[in-house]
Each structure stands twice: as C-alpha cells, then as structure tokens.
1. Of GLU307, GLU267, GLU273, GLU300, which residue is in the same structural domain as PHE209 (by TED's automatic domain parsing), over 23 Å from ASP194 (Cα atoms) and surrounded by 16 or more Cβ atoms within 10 Å (Cβ to Cβ)?
2. Quick one: which of SER241, SER248 is at pLDDT 95 or above and closer than 17 Å to ILE271 by Cα?
3. Which pairs do you get when a residue that is in contact (Cβ under 8 Å) with a residue 24 or more places away in the chain and more than 21 Å from ILE211 (Cβ to Cβ), found in the stretch 175-201, comes within reach of a residue that is basic (Lys, Arg) and in a loop (DSSP other than H, G, I, E, B), reach meaning Cβ atoms under 7 angstrom, with the pair 6+ apart or on two chains?
4. Residues of the stretch 243-262 being surrounded by 21 or more Cβ atoms within 10 Å (Cβ to Cβ) and more than 11 Å from VAL210 (Cβ to Cβ), which ones?
5. Go through THR167, THR220 for me and flag whichever is hydroxyl-bearing (Ser, Thr, Tyr), under 22 Å from LYS138 (Cα atoms) and in contact (Cβ under 8 Å) with a residue 12 or more places away in the chain.
6. May I ask you to list pairs of residues, at least six apart or on different chains, whose Cβ atoms are under 7 Å apart, with the first in the stretch 101-129 being free of Cβ contacts under 8 Å to residues at least 12 places away in the same chain and the second being surrounded by 12 or more Cβ atoms within 10 Å (Cβ to Cβ) and of a type in the set (A, V, I, L, M)?
Amino acid sequence: MWYWATTTLASVGFGDIRPISNSERLVTAMIFLIGVASFSFIMGNFIEMLMEFRNVTAENEDHAGLTKFFGLLSRFNKGHPLHKNMTRKIEEYFDNYWAKDLNYAMKSEQDKRFLSELPKEIRVAIYKDFLFHNFLYKFKFFFTIRKNDLMQNIIVKSIMRKKSLGTYEWTDRHYCSFMIRFLSCLEPRQYQKDEIILRDLEEVEEILFVIKGEYAIGYTVNNIEHFALKLHERTVIGDMSIMFGRRSEFMYKALSYLDIQAIRKQEYFDIVEKYHEYGMRIKAKTFNRYKDLIRRPVLEHKKATYEHIFRLHPNERN
C-alpha cells in the first residue's frame with residue numbers, strides 16, 4: 001500500500017498495483033489530485049526561493065559595486081577614505097535609487113529585447129497600468145496634449161478662436177511611442193528636509209516630477225534667503241529652465257522629504273527632437289503654468305521685499 005501510494009504521489013506508477021473496484025478508483029483519483037497539488041505547491045515555493053535568491057544576489061552585486069566605487073574614490077584621495085557623512089549620503093542615494101527605480105526590470109539588453117518581443121498591448125499595459133500608473137495619475141496635466149488642426153490654426157489666429165480636436169491617447173501609435181520613451185528615461189531622486197534643490201541662477205540638469213513632499217520657492221537678497229511660495233506633490237521643477245535653455249530663476253528648498261522622478265536634460269532633448277510636435281505643445285503649456293503658478297507670485301513677493309528694504313535703508317536704492 002505504501003509503495004503504491006508513494007509511486008502515485010510521485011506521479012510515476014508502475015501499473016503493477018491498480019484499482020479494481022469503484023471505491024478504489026475514487027481513492028486513487030483523490031490521491032492523484034493530492035499528488036498534483038503537493039507537487040505544484042513544492043515547485044511554487046522552490047521557484048519563489050530561487051527568485052528571492054536572485055534578488056538578494058542582485059542587491060549584493062549592487063552593494064559590492066558601490067564598495068568598489070568607494071575604494072576607487074579613496075585611491076584618488078591619496079588613500080584616505082571619504083568622510084562618513086559623504087559616504088552615508090552616497091549610500092542613501094543609491095539605496096533609494098535601487099528601491100524606487102521603476103525601470104529596474106528593463107535595464108539590461110536581454111530585458112529590453114524580451115520587452116520588445118511582447119505584443120504592443122502588453123507593453124503598453126506594463127508601462128501605463130502597472131509600473132507608472134500612479135505617476136501618470138499625478139502628472140496627467142503634463143502629458144495631456146491637445147490635438148489641433150495646424151492649417152486651421154493659421155487661419156484661426158486672425159479670424160476666430162482655435163478649435164480643439166480632443167487630446168492624444170495611448171491608442172495613438174505615435175503618442176504611445178513618445179510616452180513609453182519618456183517613461184523609460186525616468187530615474188528616482190530624493191531630497192531631505194531643508195536640502196537645497198536649486199539655487200538662483202544655477203544650471204538646471206534635470207526635470208523633477210515631485211511625487212511626494214513639500215518645497216519652497218524663493219530668492220536671495222543680500223545673502224539672505226526669502227521664500228515666497230510653497231508647493232507640494234503633483235508639481236514640476238526645472239521644466240521651464242530646460243525647455244527654454246535658462247538657468248534657474250529662483251531658489252528651491254525642500255520643506256519635507258521629497259520623493260521625485262527625474263528625466264535628464266539630454267535625454268529630454270533627444271525625445272523632443274524625435275517627437276517635435278509633442279515637445280512644442282508641452283513647452284507652451286509649461287510656459288503658461290510657470291508664469292501663473294510660480295513666476296508672477298514670486299516676483300511680486302521679491303518686489304515687496306525690495307520696497308521694504310528701501311524703506312528701512314533709503315541709501316541702498318542707488
């Protein structure tokens with residue numbers, strides 16, 4: 001009996017012992033089902049253990065690479081190790097990067113090739129409905145691009161108001177390619193409370209999409225920081241400067257922990273060079289949003305600050 005049960009559970013069975021009556025067949029069928037379920041459970045746990053091992057190995061490889069990086073920096077620092085505070089900041093940066101990189105699964109050439117071989121509907125679902133669902137929800141205003149008849153625009157400018165033809169959707173092949181390309185370039189960033197994000201007239205290297213947190217926008221007068229505006233999640237930093245080729249007009253400072261997704265300047269330029277129409281429409285929207293949301297209130301605050309200083313110190317007006 002035990003021999004027969006073991007061979008059956010192992011899904012082998014030699015046929016030398018077989019059920020004859022209906023009751024025996026019923027018991028045998030139940031054992032077949034239990035055997036399949038047990039085998040599936042064991043294999044499922046085994047595969048999960050392999051995946052966990054792979055993830056741990058990948059994390060260890062990342063940290064091993066970071067350790068080598070610290071060693072290399074030490075060599076160029078005449079053998080002296082980096083300051084502990086600097087080391088901690090670098091480790092925190094990479095820990096956050098590895099934990100929140102939404103494109104982590106598509107980094108290697110093998111992963112990219114595998115993704116490209118999937119049906120288009122599945123690729124779109126991976127980006128739109130899985131990896132970047134929350135990001136796209138928060139920044140729908142940034143990626144909502146209206147369709148307009150270009151010939152109609154030329155006539156309308158002098159005759160009548162521009163008519164909208166709706167917005168581009170993921171079902172539009174060209175727009176879909178633009179969105180996937182843009183999302184695949186996003187990288188995680190973080191800023192701690194009271195950390196300066198940008199200073200006045202600083203060169204801007206990335207467009208920052210604020211996922212979570214609060215920050216202040218201000219300026220410097222006589223080496224004193226003045227903050228005029230508080231903004232929070234679902235806002236963008238640096239888009240105006242990069243799109244129009246300008247330095248940062250104001251200073252940006254984190255008021256709490258900031259969780260951010262960023263796109264580098266050169267990668268953004270490469271995208272809008274290929275998808276010029278979308279780039280121009282986003283640029284126009286960015287100008288109007290920046291002018292009304294940021295530039296006007298901050299400049300009004302700055303003007304009031306100067307007037308207050310001149311009242312206190314009339315001689316400084318010259």
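The values are calculated or read from the model by the stated rules, or taken from the named source; none is laboratory data. None of these values were measured; they are calculated from a predicted model. Cβ coordinates were reconstructed from backbone atoms using ideal geometry, including for glycine residues, and neighbour counts include every protein chain displayed.
1. Values: GLU307 fails: surrounded by 16 or more Cβ atoms within 10 Å (Cβ to Cβ); GLU273 fails: surrounded by 16 or more Cβ atoms within 10 Å (Cβ to Cβ); GLU300 fails: surrounded by 16 or more Cβ atoms within 10 Å (Cβ to Cβ).
Only one candidate qualifies: GLU267.
2. On the way: SER248 fails: closer than 17 Å to ILE271 by Cα.
Exactly one of SER241, SER248 is at pLDDT 95 or above and closer than 17 Å to ILE271 by Cα, namely SER241.
3. Partner pairs satisfying both residue conditions: LEU201/ARG247.
4. Within the stretch 243-262, MET243, PHE250, MET251 qualify.
5. Details: THR220 fails: under 22 Å from LYS138 (Cα atoms).
So the residue among THR167, THR220 that is hydroxyl-bearing (Ser, Thr, Tyr), under 22 Å from LYS138 (Cα atoms) and in contact (Cβ under 8 Å) with a residue 12 or more places away in the chain is THR167.
6. ASP111/ALA105; LYS112/MET106; LEU115/MET106
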